[in-house]
Structures are given as structure tokens and as C-alpha cells.
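First comes the structure, then the notes that go with it.
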Amino acid sequence: MTQYDYDLFVIGAGSGGVRASRMAASYGARVAIAEESRVGGTCVIRGCIPKKLLVYAGHYAEDFADAAGYGWEVDAPRFSWPKLIAAKDCEIDRLNGLYLNTLKTAGVTLHPERAVIEDPHLVRVGSRRISARYILIATGGWPSLPDLPGIEHAITSNEALHLPQLPRRIAVVGGGYIAVEFAGIFNALGAETMLLYRGEQILRGFDGDIRRHLAAEMEKKGVRIRLHAGVRAIAKEADGSLTLDLGAGEKLGCDAVLYATGRAPNTRHLGLEGVGVAVDAEGAVVVDAYSRASVPNIYAVGDVTDRLALTPVAIKEGAAVAATLFGGKPVAPSHENVPSAVFSQPAVATVGLSEEAAAAAFGALDIYKTTFRPLRHTLSGRDERTLMKLVVEQAGQKVVGAHMVGADAAEIIQGLAIAIRLGATKAEFDATLGIHPTAAEEFVTMREKWQPPKQAAAE
Ligand code: NDP
């Protein structure tokens, strides 16, 4: 391997790139990584972590209100957005430092610059040319906004994490993870929040019951959800506010508009065309099961490929590439039964198939579902309902999907993901004892099959 400067050159120091470089170094490879922004990538710097801190902040608003039902008298609490943002920035700086340290300790050379691939074994970093036996593209994604008049007035999740003030009124465009999460954050922190989604229900691709239940709960909390809604143009007014043209003469005034209309892979100006790395119509690097691109010594992991845009997936893919190239053990990471959560308020978490996808895959299903007011809200008086649902394929009685909307959904579904991955049957769920009193115990105590209202009435 010595004819090259490095055994592995990684472009992008986010979750996937950092994991791949650390693991490769641990197998004895000589590794360098280039990062033009801050080490940590989307998740740590401008995604999962800062977002979750803001979600926690939002929950306090309800906690203060709910405390009264438990005998607490809380004087009108005041919230400071600038203080929250400063505290969050401090934590992100700390994590960035930890990531830098991790690379250093692992012996990975960091180039804090943009890298461009010039040849399958050659990368240009600033004015230097560096050769490598293998190249890993881990450049992630970036918010993608539609082209419409006034779009330059819109912000994305990147800017939402750094606004100098909390907007009084905010419109969020989109109905995916990011739109739903940020609508929840801004609403909880006190902004008048409107969610504008072009389709018939938010969170396309999720289980239908989950989508409807979440939308109803978000509306109870004050988010106004407009379905089948689109923005034609955005105009900035003299007072700095914005007016959204919703068509048919309808206008919506707001102080900020956040576009969460998807993310595009960062593959432009990387030199991919020049070396023949194939990308798909959306610009994502095309890879095989081992994350190998169309050029045999070039690999790609994480959001720059069109698989699952989730941090743990990128980490698994990065580790698998390192094991494949330097660990003497080719690993093709599985993308099945990947649990995920939407940190909406209340939260959504899911593993396995939605009822709709399971029906298409298996035909006959047994559905178990329950909605209830969590014990905590019997005294708080809050009108919030939890939904839990199990999707069971009828023939083999295997639980193929578990879904939840409610407090701690992500924490609960994480455990269930093991059972689902191992192919647990409904009988095995039933044989498991609950922990009482919890919400989670409902997942092992649902005995009655759900029947559509018409069928139930006929019997
Ligand atoms: P998503 O792809 O999840 O959602 C994009 C949304 O924008 C969809 O509702 C889509 O509508 C809508 N949309 C797309 N184009 C337009 C347009 N031109 N005009 C109006 N609406 C439009 O993207 P996100 O940006 O929310 O998130 C990107 C990915 O990041 C997610 O898919 C997820 O994998 C990951 N992520 C994960 C998180 C987590 O794990 N908690 C948190 C945040 C992100 P339609 O449904 O009709 O296509």
C-alpha cells in the first residue's frame, strides 16, 4: 500500500466519515480526512443534536404548565431564546472538540479544507495533491429549496438554529421529519406556528394511524396544519415581515418562513464526473451493498447515497466500509428494520413496516392498537393521547411493525427494535411481562385484535 500517501482518504467528517476513518485507523490503515466545515457534520453541528436540545427546551413550557396539577405554583416563567441558542452553541463547540480529539487520538490526519477528486487515486486539497488507495465520499446532504419568487427570504433548519430572536409568527413548509420537528419546537417555545404541507397528510411513508394521530395532537398543542397547501411566492414587507402567496388570492403574513422540503446529496463540484463516479437523478452516489461506487476503489456512505438518511445508518455504513477494506471481513450493512424517531411534540417512533407496507408485503394482517391518556396527564389535566400500534403478519404471527406517538416514544421503540429484528411473534410479546405502571407495558398487554368499526358493529 505504500505507493500512496494514504490507504484511505475520507471526504467529509460527519457521522459516517468519522466512524469509517477511526475504524480504518484501528485496523492499521493510514487515514486522512478532509472537512471544509466543522468536524461533526450535520448530526452534531446542525442536525440531530442541536435540534434535540431545542426540543427539550420546548418541553419545559408544558412542564411548567402541567406542574400546577401536581400542587406546584410556578410564577409566570420567562423564556430567553438568545440564552438557549448560546447554551446550545456551547454544547456543540464541546462536541466538536470531542470529535476533533477522537480523530487525533485515532491517528487520522485532518485537512480542514475542501477536497476534490482529480483521479481515482488522487485528491486535491487546497493547493496539495494527495494520493490514496481508497477514497470514501461522506459529504452528506444539504437543504434543498424549490425555486420560487422570494425564496431568498426563506430559512432552512441551518439558520433556524441560529436565529437572533424567536420569530413571533413562523410558517414551516414541508411535511417530513424536519418540518414536523421544527414546527413543534417553535410552537412550544411560543411562536405562532403554521405548517404548510402540499400532500394529504404529514409524514408521508409513515403508518397512516401515526400520521393522523400526530397531526391531531400537534393541532391540539397549537400548530396550525394546512394540508394541500403550497407557497407560490414570498414577499418581504417594509416592516421586515413576510407575506406568503398561497394562491387563489390567499396571503399569509409571518415573520419567518422555514423550508424543510428535503435535502440533496452534496456531490456537486467534488470532481465525480471527471473520474466517472455514477450518481443518480437526484445526484446521490450510486453504491452497491458494500457502499462501493461505480469506480472500484471509491466508496460512499451516509446521506450522500440514497439509502436511509439517518445518523446510525451512516455510522454502520462507515464501519462496514472500514471492515471491508481493512478488517479482512467484507460487511454489507442491513437496511432492514431500522428504527427511527421523529422528535415532534409528541414524539413519533417506529420500527419495521407500516400497516400499509405490511399489507402490500404480506396480505392478511392482525392489527393491535390502543390510544390512551398517559397516567401523568390524569393530574396535569393535559389533553394528550398516546397511540401504540403493532402490525402482525397473520400467517406466521410475526410482529413486523411497532409504532408509537407519545412521550418517550423513541426510548421505548429502541428496545422493541431488538425484538422485531429477532423476528418475535405476537405470542412472544404477550408472554413478556410489563413494567407497571408505564406506558411501554401496553406493547405487551394488547390482547384484542383491532377491527374496522364497520366489521366490529356487524358482529
Ligand atoms: P423529507 O424528505 O423527510 O421531507 C421533505 C418534505 O418536503 C416532504 O413532506 C415533501 O413532500 C416536502 N416537499 C418536497 N419538495 C417540496 C416542494 N418543492 N414544495 C413543497 N414541499 C416539498 O425531508 P426532510 O428535509 O424533512 O429531512 C431529510 C431527511 O433527513 C429525512 O428523510 C430523514 O431521513 C433525515 N432526518 C431524520 C431525522 C430524525 O431521525 N429524527 C430528523 C431530521 C431529518 P412529499 O411528502 O409530498 O414528498
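The values are calculated or read from the model by the stated rules, or taken from the named source; none is laboratory data. Quick caveat, the model's predicted, so the values are computed rather than measured. Every residue, glycine among them, receives a Cβ derived from its backbone with ideal geometry; neighbour counts consider all protein chains shown. Remember, those area values only see protein heavy atoms, side chains included, never the ligands or the DNA or RNA. Shrake-Rupley method; radii C 1.70, N 1.55, O 1.52, S 1.80 Å.
Within segment 269-282, can one find any residue that is within 16 Å of the ligand (Cβ to nearest atom) and in contact with a strand residue (DSSP E or B) (Cβ under 6 Å, 6 or more places away or on another chain)?
Taking segment 269-282 first, the residues within 16 Å of the ligand (Cβ to nearest atom) are 280-282.
Imposing the further condition that a residue be in contact with a strand residue (DSSP E or B) (Cβ under 6 Å, 6 or more places away or on another chain) reduces the set to none.
Looking through segment 269-282, none of the residues is within 16 Å of the ligand (Cβ to nearest atom) and in contact with a strand residue (DSSP E or B) (Cβ under 6 Å, 6 or more places away or on another chain).
Per-residue answers, yes or no, for (1) surrounded by fewer than 18 Cβ atoms within 10 Å (Cβ to Cβ); (2) of a type in the set (A, V, I, L, M, F, W, C); (3) touching a Pro at 6+ places or on another chain (Cβ under 6 Å):
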site: ARG114; (1), (2), (3): yes, no, no
site: ASP119; (1), (2), (3): yes, no, no
site: VAL123; (1), (2), (3): no, yes, no
site: SER127; (1), (2), (3): yes, no, no
site: THR139; (1), (2), (3): no, no, no
site: TRP142; (1), (2), (3): yes, yes, no
site: LEU166; (1), (2), (3): no, yes, no
site: VAL173; (1), (2), (3): no, yes, no
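Yes or no: ALA235 in contact with a Ser or Thr (Cβ under 6 Å, 6 or more places away or on another chain) and open to solvent by 30 Å² or more (accessible area, probe 1.4 Å)? Break it down stepwise before answering.
On the way: in contact with a Ser or Thr (Cβ under 6 Å, 6 or more places away or on another chain): yes; open to solvent by 30 Å² or more (accessible area, probe 1.4 Å): yes.
Here the answer is yes, as ALA235 does meet what is asked.
Quick one: count up the residues across segment 412-426 that are under 27 Å from MET218 (Cβ atoms) and free of Cβ contacts under 8 Å to residues at least 40 places away in the same chain.
Step one: list which residues in segment 412-426 are under 27 Å from MET218 (Cβ atoms), which gives 412-417, 420.
Within this subset, residues satisfying the condition of being free of Cβ contacts under 8 Å to residues at least 40 places away in the same chain are 415.
Residues flagged as under 27 Å from MET218 (Cβ atoms) and free of Cβ contacts under 8 Å to residues at least 40 places away in the same chain within segment 412-426 amount to 1.
Take the conditions (1) over 28 Å from GLY14 (Cβ atoms); (2) touching a strand residue (DSSP E or B) at 6+ places or on another chain (Cβ under 6 Å); (3) among the aliphatic types (A, V, I, L, M); (4) open to solvent by 10 Å² or more (accessible area, probe 1.4 Å); ALA341 misses just one of them, which is (1). Run GLY327 past the list (1) over 27 Å from GLY401 (Cα atoms); (2) small (Gly, Ala, Ser); (3) within 16 Å of the ligand (Cβ to nearest atom) and report the number of the one that doesn't hold. The failed condition is (3).
Here's the yes/no breakdown for (1) away from the ligand (no atom under 16 Å from the Cβ); (2) closer than 19 Å to HIS162 by Cβ; (3) among the acidic types (Asp, Glu):
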site: ALA24; (1), (2), (3): yes, no, no
site: VAL31; (1), (2), (3): yes, no, no
site: ARG46; (1), (2), (3): no, yes, no
site: GLY58; (1), (2), (3): no, yes, no
site: TYR70; (1), (2), (3): yes, no, no
site: ALA76; (1), (2), (3): yes, no, no
site: ILE85; (1), (2), (3): yes, yes, no
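Is there a residue being open to solvent by 40 Å² or more (accessible area, probe 1.4 Å), within 26 Å of ILE155 (Cα to Cα) and free of Cβ contacts under 8 Å to residues at least 24 places away in the same chain anywhere in segment 2-20? Within segment 2-20, not a single residue is open to solvent by 40 Å² or more (accessible area, probe 1.4 Å), within 26 Å of ILE155 (Cα to Cα) and free of Cβ contacts under 8 Å to residues at least 24 places away in the same chain. For segment 81-104, residues that are surrounded by fewer than 18 Cβ atoms within 10 Å (Cβ to Cβ), more than 17 Å from GLY14 (Cα to Cα) and among the β-branched types (Val, Ile, Thr) total 0.
Checking each residue of segment 92-104 against the condition of being in contact with a Lys or Arg (Cβ under 6 Å, 6 or more places away or on another chain), β-branched (Val, Ile, Thr) and more than 26 Å from GLN165 (Cα to Cα) gives no match. Of the residues examined, ALA260 is not one that is open to solvent by less than 40 Å² (accessible area, probe 1.4 Å), touching a Lys or Arg at 6+ places or on another chain (Cβ under 8 Å) and within 12 Å of the ligand (Cβ to nearest atom). Could you please tell me which pairs satisfy a Cβ distance under 7 Å, a separation of 6+ or placement on different chains, a first residue in segment 76-101 that is free of Cβ contacts under 8 Å to residues at least 12 places away in the same chain and farther than 24 Å from ARG19 by Cα, and a second residue that is in a loop (DSSP other than H, G, I, E, B) and not β-branched (Val, Ile, Thr)? Close Cβ pairs (under 7 Å, with a partner that is in a loop (DSSP other than H, G, I, E, B) and not β-branched (Val, Ile, Thr)) do not exist here. Taking segment 307-332 as the range and being buried (at least 17 other Cβ atoms within 10 Å of the Cβ), part of a loop (DSSP other than H, G, I, E, B) and touching a residue at least 40 places away in the same chain (Cβ under 8 Å) as the test, the residues that pass are ALA309, GLY327, VAL331.
Out of curiosity, is LEU145 within 16 Å of the ligand (Cβ to nearest atom), within 25 Å of ILE45 (Cβ to Cβ) and not in a helix (DSSP H, G or I)? Spelling it out, LEU145 is indeed within 16 Å of the ligand (Cβ to nearest atom), within 25 Å of ILE45 (Cβ to Cβ) and not in a helix (DSSP H, G or I).
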